[in-house]
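Peer 1: Quick one: this structure, given as structure tokens, is what I'll be asking you about.
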Amino acid sequence: MTNLLLNIDAGTIDWSRAQFALTAIYHWLFVPLTLGLALIMGIMETIYYRKRKAFDQDPTGDRADVDFWRNTTKFWQKLFGINFAMGVATGIILEFEFGTNWSNYSWFVGDIFGAPLAVEGIIAFFMESTFVAVMFFGWKKVSAGFHLASTWLTGLGATISAWWILVANAWMQCPVGCEFNPDTMRNEMVSFFEVALSPFAVSKFCHTVTSAWIIGALFVVGVSCWYLWKKRETRLALESIKIGAGVGLVAALLAGATGHLAGQDVAKSQPMKLASMEALYNGGTDQGLTAIAWISPFCQPDYLNEESAPLKIEMPYFLSFMATNDIHGFVPGINDLLKGYTTPDGQVEPSVDEKIARGRQAIEALAAYRKAKAEGADEENLKSQISILKENMKYFGYGYIKDKADLVPFIPVNFWAFRVMVGMGCLFIVFFGLILLLTCKIPYLSVITSRLLAAIGLLPEKAADGYTLTNLPAWHYWLAIALIPLGYIASESGWLVAEFGRQPWTIQDMLPTWVAVSDLQSSSVMLTFFIFLILFTVLLGVEISILLKQIKKGPESSK
């Protein structure tokens, strides 16, 4: 790793990145639905538990109502179980790839990165696998209270699992709580709590999980609208829509708030990512947030010679506020980060040329230290090399950079993916808000909303005063169903920003991708890429087929 001229085939790097991206993208198709359905089915079973408890105290109550909520809960739990099983399969493969395709990375930081994954496997996955069995097979074998607890603990286990995985990912984005040991050539953890509770990890977890709740809500509302379109399971559909839309609206608002916190963490730890998201070539104070601009999706813009992106429309001061909580805050652009800059309060950020020079000093000092120690050099010589290494260790990864352009992520992907994510998020807030207004019959407000939608042609005139979800043109239901894939597109767009935006780093400022990869034949990685592509596509097709059959079958009646 101390050799600046690493001779790893470029094809190996590209195919290893492609294979990991493929696995991560497919895995993330299953995870958010698991997290979202876990919350919704927990709420439904809580309603069932309370109604059953009330019925037990007063047997003259409505037994059919109790049975309805039991059947509704079991129906959504079946769909949860189908998706849960597929997510486990892809997640296991994802973790194995760190050892097979990214062995240099695993060696360099395995002591740190492996810790949260180990905790996830021991605690979180154990919780999921234990209580999911009780949830599915314990309806008549355990008490109603214990079964309710098992349902919530299954969801909690899945959420805790997501926490530790996101802690590991957040550490790659913002490495903290570690020190480099020149004798072992490894980064070693010095503070587990600093790694586990870093602000970057907290904001990333909150934003990711709330976005997953949105997908769960979209799925529940979409499936329920399909039932209304088919004029079957009407009560299940209407009650599920109310719960799903309520969860969705809260989650969408929380996702916006946590996204703001995540944006501030990105501004502190990954300013180049923020600059590429905004196509901000030259920064400064009082920066506006770009609403839209012409960024070609196919090629990197000429950021060195352009003042800003063409046809740019921005919201004044919003970017400064998003990044610094101050409308007059300083936000560096791409060229500022390349050339170096001084903030208005006097903080100096060195140029990339200086960082590269200091990174190479660190690498050379490490090589000199190891050589001197092997030759039995005196303590003074060793201390001198260690001093140089520590002084420049902050820029260690820059020593492997050969072209400054490599430090600028592909701007079109980051720019447009960010806008897809934010735009879809705004759409979901409006969608869930309208659903709640029109289904919960809020006095005056629901009627006003109905009349406004009728005036612009989105509702039939006859429904303006007596709106009902059960008597609409088919396209209303299909619109709700169409939002399900849009939710996934928004979620995957967020991950594109997170991962493309930190390129070329596997670990921010510490380890570029071409240093982290295993020395394999590109043909072998390419072969496994296509094997995984076929396998995951088949798994996805199987899951969709099983889900559709179960949805078509509908809930089972109580026995």
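The values are calculated or read from the model by the stated rules, or taken from the named source; none is laboratory data. Every value quoted in this text rests on a predicted model; they were computed, and no experiment measured them. Counting neighbours? That spans all protein chains shown, and the Cβs are built from the backbone with ideal geometry, glycine included. Keep in mind that these areas ignore ligands, DNA and RNA; they rest on the heavy atoms of the full protein, side chains included. Shrake-Rupley method; radii C 1.70, N 1.55, O 1.52, S 1.80 Å.
Peer 1: Residue check: is Y49 touching a residue at least 60 places away in the same chain (Cβ under 8 Å), touching a Leu at 6+ places or on another chain (Cβ under 7 Å) and closer than 19 Å to W495 by Cα?
Peer 2: In short, no.
Peer 1: Counting only residues that are out of contact with any Ser or Thr (no Cβ under 6 Å at 6 or more places or on another chain) and among the small types (G, A, S), which one in region 332-347 is surrounded by the most Cβ atoms within 10 Å (Cβ to Cβ)?
Peer 2: My answer is G333.
Peer 1: In addition: Right, S211: farther than 20 Å from F428 by Cβ, under 17 Å from the mean Cα position of the chain (by Cα) and among the hydroxyl-bearing types (S, T, Y) or not?
Peer 2: no
Peer 1: Which one is farthest from the chain's Cα centre (by Cα), of the residues in region 382-410 that are surrounded by 20 or more Cβ atoms within 10 Å (Cβ to Cβ) and small (G, A, S)?
Peer 2: Looking at the filtered set, the residue picked out is G399.
Peer 1: Return yes or no: is P350 in contact with a helix residue (DSSP H, G or I) (Cβ under 8 Å, 6 or more places away or on another chain) and surrounded by fewer than 17 Cβ atoms within 10 Å (Cβ to Cβ)?
Peer 2: Judged against the criteria, P350 is a match.
Peer 1: Taking the residues in region 28-51 that are within 19 Å of E556 (Cα to Cα) and hydrophobic (A, V, I, L, M, F, W, C) as candidates, determine which candidate is surrounded by the fewest Cβ atoms within 10 Å (Cβ to Cβ).
Peer 2: I47
Peer 1: From the residues in region 172-202 that are assigned to a loop (DSSP other than H, G, I, E, B) and in contact (Cβ under 8 Å) with a residue 60 or more places away in the chain, which one is most open to solvent (accessible area, probe 1.4 Å)?
Peer 2: Selected residue: D183.
Peer 1: Condition test on F136, is it among the hydrophobic types (A, V, I, L, M, F, W, C), modelled with pLDDT of 85 or more, under 21 Å from G216 (Cβ atoms) and open to solvent by 40 Å² or more (accessible area, probe 1.4 Å)?
Peer 2: Yes: the conditions hold for F136.
Peer 1: Another question, then. Give me the residue from region 52-72 that is free of Cβ contacts under 8 Å to residues at least 40 places away in the same chain and among the β-branched types (V, I, T) and, out of that set, most open to solvent (accessible area, probe 1.4 Å).
Peer 2: That would be T60.
Peer 1: OK, next. Can you find, within region 140-171, the residue that is farthest from Q503 (Cα to Cα) among those that are crowded, with 18+ Cβ neighbours inside 10 Å and among the β-branched types (V, I, T)?
Peer 2: Taking the candidates together, the pick is T151.
Peer 1: Go through (1) under 24 Å from the mean Cα position of the chain (by Cα); (2) within 19 Å of F410 (Cα to Cα); (3) surrounded by 20 or more Cβ atoms within 10 Å (Cβ to Cβ) for A323 and report which single condition fails.
Peer 2: Of the numbered conditions (1) under 24 Å from the mean Cα position of the chain (by Cα); (2) within 19 Å of F410 (Cα to Cα); (3) surrounded by 20 or more Cβ atoms within 10 Å (Cβ to Cβ), the odd one out for A323 is (2).
Peer 1: Another question, if that's okay. Consider V221 against the criteria (1) of a type outside the set (S, T, N, Q); (2) surrounded by fewer than 24 Cβ atoms within 10 Å (Cβ to Cβ); (3) more than 30 Å from E179 (Cα to Cα): it satisfies all of them except one. Which criterion is unmet?
Peer 2: Condition not satisfied by V221: (2).
Peer 1: On to the next question. Quick check on region 203-218: of everything there that is hydrophobic (A, V, I, L, M, F, W, C) and buried (at least 22 other Cβ atoms within 10 Å of the Cβ), which residue is farthest from F432 (Cα to Cα)?
Peer 2: My answer is V209.
Peer 1: Looking at (1) under 22 Å from the mean Cα position of the chain (by Cα); (2) at pLDDT below 90, which is the one condition that is false for S198?
Peer 2: (2)
Peer 1: Here are some residues: L527, L520. Which one is open to solvent by 10 Å² or more (accessible area, probe 1.4 Å), over 20 Å from F428 (Cα atoms) and free of Cβ contacts under 8 Å to residues at least 60 places away in the same chain?
Peer 2: That would be L527, the only listed residue that is open to solvent by 10 Å² or more (accessible area, probe 1.4 Å), over 20 Å from F428 (Cα atoms) and free of Cβ contacts under 8 Å to residues at least 60 places away in the same chain.
Peer 1: Is it the case that S150 is free of Cβ contacts under 8 Å to residues at least 60 places away in the same chain and in contact with a helix residue (DSSP H, G or I) (Cβ under 6 Å, 6 or more places away or on another chain)?
Peer 2: yes
Peer 1: Here's another thing I want to ask about it. A217: under 18 Å from S491 (Cα atoms) and either free of Cβ contacts under 8 Å to residues at least 24 places away in the same chain or in contact with a His (Cβ under 6 Å, 6 or more places away or on another chain) (or both), yes or no?
Peer 2: Spelling it out, it is not the case that A217 is under 18 Å from S491 (Cα atoms) and either free of Cβ contacts under 8 Å to residues at least 24 places away in the same chain or in contact with a His (Cβ under 6 Å, 6 or more places away or on another chain) (or both).
Peer 1: How many residues does region 224-254 contain that are within 22 Å of the chain's Cα centre (by Cα) and open to solvent by less than 10 Å² (accessible area, probe 1.4 Å)?
Peer 2: Selection size over region 224-254: 5.
Peer 1: Additional query: Consider region 99-120. How many of its residues are under 23 Å from A162 (Cβ atoms), at pLDDT 85 or above and open to solvent by 30 Å² or more (accessible area, probe 1.4 Å)?
Peer 2: Number satisfying all stated conditions: 1.
Peer 1: Follow-up. Exactly one of (1) touching a residue at least 24 places away in the same chain (Cβ under 8 Å); (2) out of contact with any strand residue (DSSP E or B) (no Cβ under 7 Å at 6 or more places or on another chain) is unmet by V109. Its number?
Peer 2: (2)
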